[in-house]
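Undergrad: The following block contains the structure, expressed as structure tokens.
The values are calculated or read from the model by the stated rules, or taken from the named source; none is laboratory data. In this text, all values refer to a predicted model and were calculated from it rather than measured experimentally. In this analysis, Cβ positions are derived from the backbone assuming ideal geometry, glycine residues included, and neighbour counts consider all displayed protein chains. Note: accessible area is taken over every heavy atom of the protein model, side chains too, but ligands, DNA and RNA are not part of it. Shrake-Rupley method; radii C 1.70, N 1.55, O 1.52, S 1.80 Å.
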Amino acid sequence: MEIKAVRGMNDLFGAELQRWQAVEAKLRDAMTNFGYSEIRTPSLEKIEVFKAVGDETDIVEKQMYQVQDRGAHPDSKPEILVMRPEGTAGFIRAVMEHGLANTGHVSRFYYLGPMFRYERPQKGRLRQFHQLGAELIYDGSAEADAELIILLDHLLKSVGLKSENYEIRINSVGCKDCRPAYREKLIAYFKPHFAELCENCQRRLERAPMRILDCKNEVCKKLSETAPLGIDNLDEACAKQHARVKECLKAEDVTFVEDPYIVRGLDYYSRTAFEFTSNLLGAQSALGGGGRYDGLSARFGKLDFPSVGWAIGMERVMLALDAVQAKLGDAHKPVAFLAPMGAAAFDKLFPLSLKLKKQGVHVEMSYEKEKGLKWLLKQADRVQAGVAVIVGDQELASGQASVKELATGQQKNVAIADLEKELLSMKGRSPSAN
Ligand code: HAM
């Protein structure tokens, strides 16, 4: 019987995984430079964590993979667990559980890991995908909002995308003070058109009318064109914050467009909301998105602090990079391939290869002991090594190894006693050592 991976869940390996790792390393580096420290939370959470986010969203309502805990332990009753569909709820749960906000000061965190959503798989849309997320807690300022957008813009550029490869779309979705009145206005606008709305939006009308504004159904879209917009119904404080965010972005030369139809797919947003979209991706055009989510912490405990964050889909970032052919991921080609011809040469090269690896030099070696030169050079080519180091009985007798540069075919002799030094000096040339 042939058993295959779950639909929409991918295996990652080989050159593709190496490309991911190179991109991830750059992203982690930039995150650290901006003062964000990593947090790792479990992939499984109690269902209540996501219910606290609000069950009015498709993600919570329809897209969560649920697991029935076994409840085998005598004092545990069976619980419903879910494979996390996103990172923010679990993050806030962890912040509250470990008192990470008790300092009362701003803190910055990032995470990188798999998320799970039961969706119809297509290009850029998977059932297991990976998010890099950034979250800044305990700061309600417009400057914090701007920092998050500037950070994401910087990260995308640091991995090889250019301004023209994506668009930053920003909006304000108001706050708990100004939203209720706007909500009523929106319901009053759509109500006479109830019969024309799609089935989904008919359900949304009383519960989450703002979500109608980003419905893809043609009729709903047409109706939304003349609907009252959140951005025109902000209270003074929200309008001021929005203006200041834009000012900060302009001061940093971060190009953006205002998109009053950005309402975000999760319920927890307030004020600033944004999406980074790319025309390199096809239908699933969002590289990432986020915004302010003041008040989410209060759904998890006593502390009520402001927060802002975003997440990007790693698969989509990689697709965009493929499209612009950013050759970041050529890393991990070995500096050298050690090619022993015969058991005596093997005994010389094997400890040398381990010594070099421990010193951070990426070398590979054949563990075949009786292969000929042609076969060995083929292997060196296959792993795309910089040089092949050939040692056979003849070389052992003369004390000179033959070192062949594979790209040019140039060959030179290096004293076997000096091989370690010679290959160490190539360390800088190894993309994986950078
Ligand atoms: P989100 O917009 O639901 O936000 O997801 C963020 C990004 O994850 C999307 O823009 C997309 O690139 C990627 N993504 C989502 N679903 C899929 C999928 N099925 N396949 C591939 N990629 C996908 C959030 O998750 C929020 N937690 C972001 C946030 C953090 N807001 C505040 N802090």
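Undergrad: Step by step: first the residues of region 325-334, then only those that are surrounded by 14 or more Cβ atoms within 10 Å (Cβ to Cβ) and part of a loop (DSSP other than H, G, I, E, B), then the one that is modelled with the lowest pLDDT. Which residue is that?
TA: We begin by selecting, within region 325-334, every residue surrounded by 14 or more Cβ atoms within 10 Å (Cβ to Cβ); these are 326, 328-329, 331-334.
Filter again for part of a loop (DSSP other than H, G, I, E, B), leaving 326, 331-334.
On the way: 326: 48, 331: 52, 332: 69, 333: 83, 334: 90.
Per the criteria, the residue is 326.
Undergrad: Just wondering, is there one or more residues in region 145-167 that are over 20 Å from residue 316 (Cβ atoms), near the ligand (Cβ under 10 Å from one of its atoms) and surrounded by 22 or more Cβ atoms within 10 Å (Cβ to Cβ)?
TA: No: zero hits.
Undergrad: Which residue is least open to solvent (accessible area, probe 1.4 Å), if the candidates are limited to region 123-144 and must be out of contact with any helix residue (DSSP H, G or I) (no Cβ under 7 Å at 6 or more places or on another chain) and more than 9 Å from the ligand (Cβ to nearest atom)?
TA: Only one residue fits best here, namely 144.
Undergrad: Tell me which residues, restricted to region 176-207, are buried (at least 18 other Cβ atoms within 10 Å of the Cβ) and part of a loop (DSSP other than H, G, I, E, B).
TA: Of everything in region 176-207, those that are buried (at least 18 other Cβ atoms within 10 Å of the Cβ) and part of a loop (DSSP other than H, G, I, E, B) turn out to be 178, 197.
Yes/no per residue for (1) of a type in the set (Phe, Trp, Tyr); (2) touching a Gly at 6+ places or on another chain (Cβ under 8 Å); (3) modelled with pLDDT of 95 or more; (4) farther than 14 Å from residue 353 by Cα:
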| residue | (1), (2), (3), (4) |
| --- | --- |
| 382 | no, no, no, yes |
| 394 | no, no, yes, yes |
| 398 | no, no, yes, yes |
| 408 | no, no, no, yes |
| 415 | no, yes, yes, yes |
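Undergrad: May I ask you to say which residue of 179, 244, 207, 211 is more than 30 Å from residue 152 (Cα to Cα) and of a type outside the set (A, V, I, L, M)? Step through it out loud before you land on a result.
TA: Numbers: 179 fails: more than 30 Å from residue 152 (Cα to Cα); 244 fails: more than 30 Å from residue 152 (Cα to Cα); 211 fails: more than 30 Å from residue 152 (Cα to Cα).
Exactly one of 179, 244, 207, 211 is more than 30 Å from residue 152 (Cα to Cα) and of a type outside the set (A, V, I, L, M), namely 207.
Undergrad: Sticking with this one: Could you figure out which of (1) touching a residue at least 12 places away in the same chain (Cβ under 8 Å); (2) part of a helix (DSSP H, G or I); (3) within 16 Å of the ligand (Cβ to nearest atom) isn't true of residue 322?
TA: Result: residue 322 fails condition (1) only.
Results for (1) surrounded by fewer than 13 Cβ atoms within 10 Å (Cβ to Cβ); (2) in contact with a Phe, Trp or Tyr (Cβ under 8 Å, 6 or more places away or on another chain), shown as yes or no for each residue.
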| site | (1), (2) |
| --- | --- |
| 343 | yes, no |
| 354 | yes, no |
| 357 | no, no |
| 360 | yes, no |
| 378 | yes, no |
| 385 | no, yes |
| 395 | no, no |
| 399 | yes, no |
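Undergrad: Where residues in region 155-175 are of a type in the set (S, T, N, Q) and assigned to a strand (DSSP E or B), which of them is nearest to residue 279 (Cα to Cα)?
TA: To start, the set of residues in region 155-175 that are of a type in the set (S, T, N, Q) comprises 158, 163, 165, 171-172.
Remaining after also requiring assigned to a strand (DSSP E or B): 171-172.
Numbers: 171: 20, 172: 23 Å.
Filtering first and then ranking leaves 171.
Undergrad: Among the candidates 10, 33, single out the residue that is open to solvent by 70 Å² or more (accessible area, probe 1.4 Å), modelled with pLDDT of 95 or more and not charged (D, E, K, R). Show your work before the answer.
TA: Details: 33 fails: modelled with pLDDT of 95 or more.
Of 10, 33, the one residue that is open to solvent by 70 Å² or more (accessible area, probe 1.4 Å), modelled with pLDDT of 95 or more and not charged (D, E, K, R) is 10.
Undergrad: So residue 264 ticks every box in (1) surrounded by 17 or more Cβ atoms within 10 Å (Cβ to Cβ); (2) more than 24 Å from residue 314 (Cα to Cα); (3) of a type in the set (D, E, K, R) but one. Which box is left unticked?
TA: Answer for residue 264: the failing condition is (2).
Undergrad: Could you check how many residues of region 67-99 are without any contact (Cβ under 8 Å) to a residue 40 or more places away in the chain and over 30 Å from residue 22 (Cβ atoms)?
TA: Final tally of qualifying residues: 19.
Undergrad: Just the residues that are part of a helix (DSSP H, G or I) and either touching a Lys or Arg at 6+ places or on another chain (Cβ under 7 Å) or in contact (Cβ under 8 Å) with a residue 24 or more places away in the chain (or both), please, taken from region 248-280. Even if it seems obvious, please write down each step before you answer.
TA: Going residue by residue through region 248-280, those that are part of a helix (DSSP H, G or I) are 248-251.
Once the filter is applied, which keeps residues that are part of a helix (DSSP H, G or I) and either touching a Lys or Arg at 6+ places or on another chain (Cβ under 7 Å) or in contact (Cβ under 8 Å) with a residue 24 or more places away in the chain (or both), region 248-280 yields 248, 249.
Undergrad: Right, another one. Residues that are within 19 Å of the chain's Cα centre (by Cα) and on the phi > 0 side of the Ramachandran plot: does region 317-326 have at least one? Before you say what the answer is, go through the steps one by one.
TA: Narrowing region 317-326 to residues within 19 Å of the chain's Cα centre (by Cα): 317-326.
From the residues that got through so far, the ones that are on the phi > 0 side of the Ramachandran plot too are 325.
Yes: one or more hits.
Undergrad: I would also like to ask the following. Could you tell me how many of the residues in region 63-88 are within 12 Å of the ligand (Cβ to nearest atom) and farther than 20 Å from residue 126 by Cβ?
TA: 0
Undergrad: Sticking with this one: Being within 16 Å of the ligand (Cβ to nearest atom), touching a Ser or Thr at 6+ places or on another chain (Cβ under 9 Å), open to solvent by 50 Å² or more (accessible area, probe 1.4 Å) and not in a helix (DSSP H, G or I) is the requirement here; does residue 304 meet it? Can you show your working first?
TA: Numbers: within 16 Å of the ligand (Cβ to nearest atom): no; touching a Ser or Thr at 6+ places or on another chain (Cβ under 9 Å): yes; open to solvent by 50 Å² or more (accessible area, probe 1.4 Å): yes; not in a helix (DSSP H, G or I): yes.
Answer is no for this residue.
Undergrad: Among the listed residues 60, 6, 23, which satisfies the condition of being among the β-branched types (Val, Ile, Thr), touching a helix residue (DSSP H, G or I) at 6+ places or on another chain (Cβ under 8 Å), under 15 Å from residue 116 (Cβ atoms) and within 16 Å of the ligand (Cβ to nearest atom)? Before the answer, list the steps.
TA: Values: 6 fails: touching a helix residue (DSSP H, G or I) at 6+ places or on another chain (Cβ under 8 Å); 23 fails: under 15 Å from residue 116 (Cβ atoms).
On inspection, the qualifying residue turns out to be 60.
Undergrad: Say we look at region 220-245 and pick out the residues that are open to solvent by less than 40 Å² (accessible area, probe 1.4 Å) and either basic (Lys, Arg) or without any contact (Cβ under 8 Å) to a residue 60 or more places away in the chain (or both); which of these is nearest to residue 272 (Cα to Cα)? Give the derivation first.
TA: Of region 220-245, the ones open to solvent by less than 40 Å² (accessible area, probe 1.4 Å) are 220, 223-224, 227-230, 233-234, 238, 241-242, 245.
This time we only want the ones that are either basic (Lys, Arg) or without any contact (Cβ under 8 Å) to a residue 60 or more places away in the chain (or both), so: 220, 223-224, 227-230, 233.
Working: 220: 24, 223: 24, 224: 20, 227: 20, 228: 18, 229: 14, 230: 11, 233: 14 Å.
My answer is 230.
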